Each structure stands twice: as structure tokens, then as C-alpha cells.
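Coordinate-derived values only; no laboratory data. Computed from a prediction, not measured in an experiment: that's the story for all the values here. No Cβ is skipped: glycine too gets one built from the backbone with ideal geometry, and neighbour counts run over all protein chains shown.
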Amino acid sequence: MKLFIVFQNPSRSDDKGFIFLKEGFNWLAFLLPPLWALVNRLWLPLLAILVLIPLLISVTGLFSLPFLWMYLLIFWWLAMAASSITGFFLIRRGWSEAQYVEAPDIETAEQIFFSSLQQKPIKTSQAFGNDLI
């Protein structure tokens, strides 16, 4: 089972106002970090990546073993933290965490989440009567 974090855009109330982020390793962030940052519109991490790669090359040399190990270590960490970084920047843009969903895949996570939205919660005044103390 995989854990998905659901983010809600406060300015939209339709189904397109939600983003499902899978927790865990992100292959795109590991193999092609600049592309991952572009796809997710993460401009600050993109800038950091575009500065970090030439810096690594200038310090260690392009085809050296230290460059390979540094690259693998840094971008392995990025791949592990990709969903947290994306979530952080979504929250900065005004999105909010709506719910955590555990499911085998994203389609099932969407079904679980949207079916839970259709069930309306009972208000306390309805559950206990209107004569609350």
C-alpha cells in the first residue's frame, strides 16, 4: 500500500481542485531533476539544481568518481524528499492538506477520497439535538 497526500486548492471546489502526491521515491526527481522541477513548477528548486550541477562539475570534474557519488547522493535525497518539497511549495501557494489516503495506486486513492467527500458528516447539533448546554 502507498500513502497519498491530498492537497486542496481553496479557490476551486470541483474535482480539479485536488492534487494527489504519492509519498516515497520519485524516479523523475532522481534521473532528471531539472525536468521534475519544471513539471511541478518548482522554480526555486530548479534554480538550486541548475546551480548545483555546474558547481559539482567544477569542483570534482565531469567524469570523475567523486562527481558520480556526489550526484547520486544529492539526487537520491532529492528523490526521497520530492513529495515533501512539492507539498511545501503547494502550501506556500495557498493549497491545504485535505487528507491522507492509503491505497495501492492513484486511481484507487482518488476513488476512496472522492467517495469520502460524498458522505456528508453529521453536525453536532443534529446528532445530539438542538438543546446543547
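For segment 1-32, the set of chymotrypsin sites (Phe, Trp or Tyr not before Pro) satisfying both a DSSP loop assignment and a count of at most 15 other C-beta atoms within 10 Å is given as Phe25. For segment 66-82, 3J(HN,Hα) computed residue by residue from phi via the Karplus equation (6.51, -1.76, 1.60; θ = phi - 60°) reads x, 4, 4, 5, 5, 4, 4, 5, 5, 7, 5, 4, 4, 5, 6, 9, 4 Hz, glycine and proline entered as x. Considering only Leu55, Gly87, Val6, the residue lying farthest towards the positive end of the dipole of the chain is Leu55, judged by Cα position with unit charges set on Cβ.
With R₀ fixed at 35 Å, the C-beta to C-beta distance from Leu72 to Arg41 puts the FRET efficiency at about 0.85. Here the Karplus curve 6.51 cos²θ - 1.76 cosθ + 1.60, taken at θ = phi - 60°, turns the phi angles of segment 46-63 into couplings of 4, 4, 4, 5, 5, 8, 5, 4, x, 5, 4, 5, 5, 7, 10, x, 5, 9 Hz, with x standing for Gly and Pro.
For segment 1-72, the Kirkwood estimate of hydrodynamic radius, built from reciprocal distances between every pair of different alpha carbons, is 14.7 Å.
Panel order for Trp95, Trp69, by other beta carbons found within 10 Å of each beta carbon, from fewest to most: Trp69, Trp95. Only alpha carbons enter this Debye calculation for the chain, each as an equal point scatterer, and the log10 of I(q)/I(0) it gives at q = 0.10, 0.17 Å⁻¹ is -0.47, -0.96.
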